[in-house]
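The next block holds one structure in the form of structure tokens; read it before the comments.
Bear in mind that the values in this text are calculations on the coordinates, not laboratory data. These figures come from a predicted structure and were not determined experimentally. So basically every Cβ, Gly included, is an ideal-geometry build from the backbone, and we count neighbours across all protein chains shown.
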Amino acid sequence: MEVEITSKNFENYKNGDLPLVVDLWATWCGPCRAVGPVISELAEDYDGKIVVGKCDVEENDDLAMEFGVRSIPTILFFKGGELVDKFVGAASKATLDEKFKALL
């Protein structure tokens, strides 16, 4: 299950017990809509192992700026409160699954 990541709750999720994956997206972004269902599937696959969140850059532009996001979708991978990987653009489930596995 995905959670909504906002400027207010980001630090709590980032510093939580589980690794965190954040999908930065916008409603008007075609590639974001394409990768969204893949992220949702992976959120189900890794439920209880990785927290998966979606962050609307239109509503949380400060987070996008903090991580230098210039293109969306951008997917950020955090472990132990630290950014350990970043993926920009749409990708297949297999490609993203490898990134998820690397967090465990």
Problem - Qualifying positions in segment 11-36 - closer than 15 Å to Met65 by Cα and within 11 Å of the chain's Cα centre (by Cα) - result: Val22, Asp23, Leu24, Trp25
Exercise for the section: Restrict the check to segment 67-75 and report whether at least one residue is at negative phi, in contact with a Ser or Thr (Cβ under 9 Å, 6 or more places away or on another chain) and among the aromatic types (Phe, Trp, Tyr). Expected result: yes
Practice task
For Ala94, work out the one condition from (1) exposed (fewer than 12 other Cβ atoms within 10 Å of the Cβ); (2) touching a residue at least 60 places away in the same chain (Cβ under 8 Å) it doesn't fulfil.
Solution key: (2)
Exercise for the section: Could you please find all residues in segment 91-104 being in a helix (DSSP H, G or I) and either within 13 Å of the chain's Cα centre (by Cα) or over 17 Å from Pro19 (Cα atoms) (or both)? Expected result: Lys93, Ala94, Thr95, Leu96, Asp97, Lys99, Phe100, Leu103
Practice task
Kindly indicate whether any position in segment 25-47 is touching a residue at least 60 places away in the same chain (Cβ under 8 Å) and among the basic types (Lys, Arg).
Solution key: no
